[in-house]
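To keep things clear, I will list the structure first and then write my remarks on it.
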Amino acid sequence: MTHDENGRTAELPPVIPVFQDIPGIRAFFTMRTGGVSQAPWHSLNLGDHVGDTPEHVRENRRRVKALLPGGAEIFWMRQTHSVKALEITDNSSAAVPEEADAEYTRLPGRALAVMTADCLPVLLAAKNASFAAAVHCGWRGLQGGILENVLAAASHTGPLAAVIGPGIRRTSFQIGSEVRELFLECYPDAAEYFVPDNSCPGKLLADLPGIAAHILRKCGVTDIRDTGHDTFADGERFFSYRRDRITGRMAGIIMRT
């Protein structure tokens, strides 16, 4: 249980737990349920930049914070589809989110958050729990090298596990051929992740989780997990920007405990 902005008892929101087999890591993905926001952001909207009532967002974030050991501070980001990976250190402050599209830390007690509503949230954890990261993987970030930037920072931490969270899947993610060409310039062996969209001549369907897993494997990550959820197709449980345009944001959260 937690309490809302008026001091009333509130149920903790349901989440999708991950990395439960790695002692010292607490990680999960939120869904759209379990909050106080009204339509079209209903109900557990965690984005403070999408037009929702600020008090509702603060209450939703309080509910998510209550899921963390010791009420750990959550480090949110100002995400811009960049390839910037930010290290959270002893000098970092959770009060003012910094511009970045990935966060990583070697410190315990810092909760890292990535917000999404179709883009992939990718969480990374060292199997010895010495490193944690949260990565915002839209197609621009993936193509630009956001995962490589984070993994370079984890090069001396030992074996890593990665989990791909709820995001848009190939059956829902229509793109133009120019996006495919940009990817193949960087990853010429990734052609299998693009197929023609038979419902729309000239368009393609892109397997964003497949591309993310492909990049992770090329970087040496062999333990790759996937929740398998399609945000676009499942409107009951997930926000989707492509589907609804005006909508909320979910979060992938990870911390070293």
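Only one of the numbered conditions (1) crowded, with 22+ Cβ neighbours inside 10 Å; (2) β-branched (V, I, T); (3) under 19 Å from M250 (Cα atoms) is not met by T105, and that is (3). Note on the range 161-205: residues that are in contact with an Asp or Glu (Cβ under 7 Å, 6 or more places away or on another chain) and over 24 Å from S240 (Cα atoms) amount to 1.
Per this entry, G202 is counted among residues that are out of contact with any His (no Cβ under 7 Å at 6 or more places or on another chain), in contact (Cβ under 8 Å) with a residue 12 or more places away in the chain and more than 24 Å from P121 (Cβ to Cβ).
Residues in the range 136-193 that are in a helix (DSSP H, G or I) and over 17 Å from H214 (Cα atoms): A153, S177, E178. Within the range 173-186, which residues are over 19 Å from V122 (Cα atoms), touching a residue at least 40 places away in the same chain (Cβ under 8 Å) and not β-branched (V, I, T)? Result: C186, single match. In this entry, Q174 passes the filter for residues that are surrounded by 15 or more Cβ atoms within 10 Å (Cβ to Cβ), of a type in the set (S, T, N, Q) and touching a Ser or Thr at 6+ places or on another chain (Cβ under 9 Å). Summed over the range 199-244, residues that are out of contact with any strand residue (DSSP E or B) (no Cβ under 7 Å at 6 or more places or on another chain), basic (K, R) and not in a helix (DSSP H, G or I) total 1. The selection criterion, being closer than 21 Å to A132 by Cβ, out of contact with any Asp or Glu (no Cβ under 8 Å at 6 or more places or on another chain) and of a type outside the set (G, A, S), holds for R26.
Out of all the residues in the range 139-151, is one or more touching a Lys or Arg at 6+ places or on another chain (Cβ under 9 Å), of a type in the set (D, E) and under 22 Å from D244 (Cα atoms)? Looking for residues that are touching a Lys or Arg at 6+ places or on another chain (Cβ under 9 Å), of a type in the set (D, E) and under 22 Å from D244 (Cα atoms), one finds none in the range 139-151, hence no.
Conditions tested, residue by residue: (1) acidic (D, E); (2) exposed (fewer than 15 other Cβ atoms within 10 Å of the Cβ); (3) modelled with pLDDT under 95.
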{"site": "A190", "(1), (2), (3)": "no, no, no"}
{"site": "Y193", "(1), (2), (3)": "no, no, no"}
{"site": "P201", "(1), (2), (3)": "no, yes, yes"}
{"site": "A206", "(1), (2), (3)": "no, no, no"}
{"site": "P209", "(1), (2), (3)": "no, no, no"}
{"site": "A212", "(1), (2), (3)": "no, no, no"}
{"site": "F232", "(1), (2), (3)": "no, no, no"}
{"site": "E236", "(1), (2), (3)": "yes, yes, no"}
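Just to be sure before I move on: is T89 of a type in the set (S, T, Y) and within 16 Å of the chain's Cα centre (by Cα) in the structure I sent? The answer is no for T89.
The combined condition, being more than 14 Å from A212 (Cβ to Cβ), surrounded by 24 or more Cβ atoms within 10 Å (Cβ to Cβ) and of a type in the set (A, V, I, L, M), is fulfilled by A125.
The values are calculated or read from the model by the stated rules, or taken from the named source; none is laboratory data. Computed from a predicted structure; not experimentally measured. As a convention, Cβ positions derive from the backbone with ideal geometry for all residues, glycine included, and neighbour counts pool all protein chains shown.
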